[in-house]
Every structure is written in C-alpha cells, then in structure tokens.
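Notes to accompany the following structure.
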Amino acid sequence: MIDKIKFQKSGFLIGSFLLAGVLSCSRKADDYQKYQNGREQIYTGVVSNLRTDPGKLRARIKWNPSSDPSISRYLLFWNNGNDSLEIGTKGESTADTISVIITSGLQESDIQSFSLYTYDKAGNHSIGQLTAPLRIYGSIYEASLYNKQLVTANPYKIYPVNNSITFYFTKSDTTNIFNQLYYYTKNDAVDSIRFTGDSVNVSNLKTGTRVAIQSYFLPVRNALDTFRTRRADSTIIIN
C-alpha cells in the first residue's frame, strides 16, 4: 500500500511537470508570434569575406556577394551607426568583389568597425556582419616617421674604377617600403635614385655636394596609401 501511494505521488509530480512544460512552451510560441506580428521572420543571405583596408583618412570595405538572389541592396554603417551608405546590387555573382571607399566621418584617432546588412525589396534584412576594428591613419602618423639614416662608422665607399659611390644605411622596420636618394650630377643637375635595401650605389655624383634622402612607408601590408616623411634630410658632403 505504501509503495502504491509513493507511485501515485510520483506520477502526479511527473504529470505536473509535463503540464507546466507544455504551458511554458505555449507561452513562448505566443510571444514569438506577438513580436513577429503573426508572420514568420525572413532573413536575407549574408556576404562572405567581409574585410577592410585602411588609408589616409579613408577606408575601403570589400566583400563577396551572397548567393541569395533576392538581395537588392546593402546598407553599411560606421561611427557607431551615426553614418551609413546604401549600395545597390548589379547582379553580381559570388565570385565578384564589391568594394566601396569611405571618406566621410573618419578621423585619425578613430578605431572603426563597419556593420553590413543585406536587404531585399520587401525590406527583409540579414543578420548584421561586423568587420574587425580598423585604424585610420593621417598627419599624426606621418609626423612620427623618420628618414633612413647613414651608418656612422662607414657611411659610404668610393669606387674610382667605375666612378661610383655606395651609401650604407641603418636597418629600418618592415613598414619602410622604399627610399629616394637625391644628389647632384657632375653636370650640376639634380637626380635621384630609388632603393629598398640598406645600401645603394650611385654613379655620376658630383663631389663636394650634399645628398638628401626621403623615406616612404606603408603602415600595414594592405594599406591604401603610401606615407612619406615631411621632408628629405640633407646628409654628408661627399669629398
């Protein structure tokens, strides 16, 4: 008798939990319908390979289109949603790349993230896609750049046989992509030579004159713009 009573109580408890679960599920379903105005929410497709390239007070945003044929436009947001741009579609395939340049509302102190949404003609949209944080470059970055320096001990070597001079410079970091060396020729004309390493050989250089160097930089590999120092540095006189 005792076992029977225990079983009946357990059965009552299990039934109560099942009933509560059904009611709970029913309420959630009703809430969903209420928030969706009684219709199913439709989401458009998302793009792939969403990426950015930084520049001088500008940024480029690129992506490969979704395979969803219903997409008719894109909406891009930045500055915490305060700025936006609408981009129409032109029947691009998933192999194409859509690219836009943003110049408005960007400051050098900004670390920007861009949000992209796809839309169809009915106003349905995709889940938002967010880019990785992007640094914006400008005059502050330019002011931090320095020209490549000649080594102190042996800055150059003269080769009388072929009437040339090799200049030796200190090593630079990888953002220094090339340098321009300016000099006077024996005909008193100004000439220049571009080089990328830590040394450069110059012929037809007029002795008793100065040479000058200006360095150029790419802050990151995918940067849109090349930056240079504000002015060339005049270096030693070649005797």
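A short reminder: the numbers here are calculations on the coordinates, not readings from a lab. All figures in this text were calculated on a predicted structure; none of them were measured in a lab. With ideal geometry, Cβ positions are generated from the backbone for all residues, glycine too; neighbour counts draw on all protein chains shown.
In this structure, the amide hydrogen of LEU134, modeled 1.01 Å from its nitrogen in the peptide plane, lies closer than 5 angstrom to those of GLN112, SER113, counting only residues at least 5 positions away or on a different chain.
For the residues ILE158, ILE102, ILE193, what sequence is obtained by ranking on other C-beta atoms within 10 Å, fewest first?
On the way: ILE158 13, ILE102 22, ILE193 16.
The order, fewest Cβ neighbours first, is ILE158, ILE193, ILE102.
Charge dipole (Cα centre; +1 on Lys/Arg Cβ, -1 on Asp/Glu Cβ; no other charges) of segment 39-124 amounts to roughly 120 debye. Each of PRO65, ASN82, GLY55 was placed along the dipole of segment 48-136 (beta-carbon charges, centred on the mean Cα), and the one lying farthest toward the positive end is GLY55. For segment 126-211, taking the reciprocal of the average inverse distance between every pair of different Cα atoms yields a Kirkwood hydrodynamic radius of 15.8 Å. Segment 38-57 and segment 187-229 have Cα centres separated by 42 Å. Taking other C-beta atoms within 10 Å as the exposure proxy, ILE177, ILE101, ILE71, ILE238 rank ILE101, ILE177, ILE238, ILE71 from fewest upward. The fewest-to-most ranking of THR118, THR209 by surrounding Cβ atoms within 10 Å reads THR209, THR118. Amide H contacts for PHE178 (H built 1.01 Å from N in the peptide plane; partners 5 or more residues away or on another chain; cut-off under 5 Å): TYR216.
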